[in-house]
1. In percent, how large is the relative contact order of the range 31-204, given Cα pairs closer than 8 Å and 6 or more residues apart?
2. Report, to the nearest 10°, how far helix 34-49 tilts away from the longest principal axis of the Cα atoms in the chain, using its own Cα long axis and a range of 0 to 90°.
3. Compute a Gaussian network model of the chain, connecting alpha carbons closer than 10 Å, and tell me which residue from 13, 139, 120 fluctuates the most.
4. Going by average Cβ density within 10 Å per residue, which order do the peptides 75-82, 110-117 take, highest to lowest?
5. At what distance in angstrom do the alpha carbon centres of the range 10-77 and the range 189-207 lie from each other?
6. Using Cα springs under 10 Å in a Gaussian network model of the chain, which residue among 162, 73, 62 shows the largest mean-square fluctuation?
7. Is the C-alpha gyration tensor of the range 96-232 telling us rounded, prolate or oblate? Criteria: a/c under 1.5 is rounded; beyond that, a/b larger than b/c is prolate, otherwise oblate.
8. Considering the chain as a Gaussian network with a 10 Å cut-off on Cα pairs, which listed residue, 32, 70, 97, attains the greatest mean-square fluctuation?
């Protein structure tokens, strides 16, 4: 089994080497820490100077960068960014606002071992063609097939604070949220995506997953049958 260097999510199996329940990370970002304040500043600078690469770790102290477990919603301002470099981050979630980075072509969260899933909104980045992801740290990855956390999730921190439907962009709240997982190819990799939809009709519009992955949207849990592991 994979051993995640920064969390114990993929060590939850019993004596017979069968998976036990996996839960989403529930840590909240400390918005008073120096790292968060510096990251907000860097987003504003990058938006203003219209740079094409955003690599915050290069402009932050290592300890400050380690404090960051999620990106701020203000990344929607990064309209000119073509490469989002998040190598070696401590992230546990990416906000749905990444879908607003419409010029994104390259996505590099490699060795971000606590990043197990991504928001469905990343599929709105139509120019995104190149990704480097630590796939063995992903839910449902083809090597180890770790289970997906059971949905629905009621604590919004786990779901990335959704405000709009992942599919149609309509306003959404706790009274009309429909959550599912789906595995889809995004750039170079097949990623586990969390969909926060406003209706079943929007879920029905989701594309078909690639071969060798669960072939329909699902709500996770240990009862979901995944394709067999690919060991080669």
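Bear in mind that the values in this text are calculations on the coordinates, not laboratory data. Given the structure is predicted, the values throughout are model-derived calculations rather than measurements. Positions of Cβ are generated from backbone atoms using ideal geometry, with glycine treated the same way; all protein chains shown enter the neighbour counts.
1. Across the range 31-204, relative contact order equals 16 percent.
2. It is inclined by approximately 70 degrees.
3. It is 13.
4. By packing density, highest mean first, the sequence is 110-117, 75-82.
5. Their Cα centres are 24 Å away from one another.
6. Result for the chain, Cα springs under 10 Å: 62 fluctuates most.
7. Oblate is the answer for the range 96-232, as a/c is 1.5 or above yet b/c matches or exceeds a/b.
8. Its mean-square fluctuation being the largest, the pick is 32.
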